[in-house]
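What follows is a short report on a single structure.
The values are calculated or read from the model by the stated rules, or taken from the named source; none is laboratory data. Small disclaimer: the values here were computed from a predicted structure and weren't measured. Neighbour counts are summed over all protein chains in view; Cβ atoms, including those assigned to glycine, are modelled from backbone coordinates with ideal geometry.
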């Protein structure tokens, strides 16, 4: 006798078949979006046997999608810690060579040495992205070491919390705009001639949820990230003629060293424990009720750095747990 089951999408390309006796999980090619359908199942033996069993987080390395990044050369600014370090590590795992650019050269060199122990090609370059001479030197160093630049990740960024107008000084405004917006411009300008000559390139910029919506007490940071989103949209169109893709990633709330500094300030101002503030912030602002991890951001960055995303340009991709839905 046939049985009725519910077929529910649990993610792009993945569905779950369930009925009262047994639960089946499988990978279904082309299953996109959420849907519910009913199917008559013949007793126990299903076409599930024709497909690989769902592996979930336990997938082996060889089962991962090949992004084609082996042999590519990537620059990651702000690459010595936090999200940047995670991005650099993931490039190496995919077989790419990486230039770790950071104002903290000791941390950059330490990470490069760590990655080099596994046989990876990783070098560290001291770079203050807000200075043209440093940006030009970064591009020259990458070309000297590897002979090409395939990917630029403009990840370097800073953040300050300041009420407008009494706390937001000109120095704070200039600091955030110089690093977050001007730094993006300067490093892109330095790298671009090499990409144009090769008629190939992937530029991936760090914007933010604050690059899509206003955020009280973060006026200058928000302005700088809106600038990054604007740069991304403009260059996405302008550089398409050279086969160069330009996209941005917009994290929500990631517990990085930058956030640790913010939590210190909030704790002093509010007279409350840092962890209590963090938990309340996530619980109140994130529908999925969990913060984003550096790996979540790195996954999107590597996708945008690959030819898998070759027809995506000028976009700002949100990774924020549903806090803002575009």
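Among the candidates 133, 198, which residue alone is surrounded by fewer than 19 Cβ atoms within 10 Å (Cβ to Cβ) and over 25 Å from residue 70 (Cβ atoms)?
On the way: 198 fails: over 25 Å from residue 70 (Cβ atoms).
Just a single option satisfies the conditions, and that option is 133.
Output the residues belonging to the stretch 165-177 that are more than 21 Å from the chain's Cα centre (by Cα) and assigned to a helix (DSSP H, G or I). Walk me through it before giving the result.
Applying the first criterion (more than 21 Å from the chain's Cα centre (by Cα)) to the stretch 165-177 yields 165-175.
Within the stretch 165-177, 170, 171, 172, 173, 174, 175 qualify.
Checking the condition assigned by TED's automatic domain parsing to the domain that holds residue 302 and either part of a helix (DSSP H, G or I) or crowded, with 19+ Cβ neighbours inside 10 Å (or both), which residue from 232, 215 passes?
Working: 215 fails: either part of a helix (DSSP H, G or I) or crowded, with 19+ Cβ neighbours inside 10 Å (or both).
When all the criteria are applied, what remains is 232.
Scanning for something at pLDDT 95 or above, out of contact with any strand residue (DSSP E or B) (no Cβ under 8 Å at 6 or more places or on another chain) and not in a helix (DSSP H, G or I), does the stretch 281-304 turn up at least one residue?
no
In the stretch 272-289, is there at least one residue being in contact (Cβ under 8 Å) with a residue 60 or more places away in the chain and in the same structural domain as residue 202 (by TED's automatic domain parsing)? Before the answer, list the steps.
To start, the set of residues in the stretch 272-289 that are in contact (Cβ under 8 Å) with a residue 60 or more places away in the chain comprises none.
No - not one qualifying residue is present in the stretch 272-289.
Which residues, counting only those in the stretch 65-85, are assigned to a strand (DSSP E or B) and closer than 15 Å to residue 146 by Cα? Talk me through it step by step, then tell me what you get.
The first filter runs over the stretch 65-85 and keeps only residues assigned to a strand (DSSP E or B), leaving 73-77.
Residues satisfying the conditions are 73, 74, 75, 76.
Any residue in the stretch 248-266 that is surrounded by fewer than 16 Cβ atoms within 10 Å (Cβ to Cβ), assigned to a loop (DSSP other than H, G, I, E, B), assigned by TED's automatic domain parsing to the domain that holds residue 150 and under 18 Å from the mean Cα position of the chain (by Cα)? Quick ask: steps written out before the conclusion?
Step one: list which residues in the stretch 248-266 are surrounded by fewer than 16 Cβ atoms within 10 Å (Cβ to Cβ), which gives 255, 257, 260-261, 264-265.
Those still in the list that are assigned to a loop (DSSP other than H, G, I, E, B) too: 255.
Then drop every residue that is not assigned by TED's automatic domain parsing to the domain that holds residue 150, which leaves 255.
Retained after the next criterion (residues that are under 18 Å from the mean Cα position of the chain (by Cα)): 255.
Scanning the stretch 248-266 turns up at least one residue that is surrounded by fewer than 16 Cβ atoms within 10 Å (Cβ to Cβ), assigned to a loop (DSSP other than H, G, I, E, B), assigned by TED's automatic domain parsing to the domain that holds residue 150 and under 18 Å from the mean Cα position of the chain (by Cα).
Among the candidates 124, 142, 88, single out the residue that is in contact with a strand residue (DSSP E or B) (Cβ under 7 Å, 6 or more places away or on another chain), surrounded by 23 or more Cβ atoms within 10 Å (Cβ to Cβ), assigned by TED's automatic domain parsing to the domain that holds residue 245 and outside any helix (DSSP H, G or I). Reasoning before the result, please.
Working: 142 fails: outside any helix (DSSP H, G or I); 88 fails: outside any helix (DSSP H, G or I).
Checking each option against the conditions leaves just 124.
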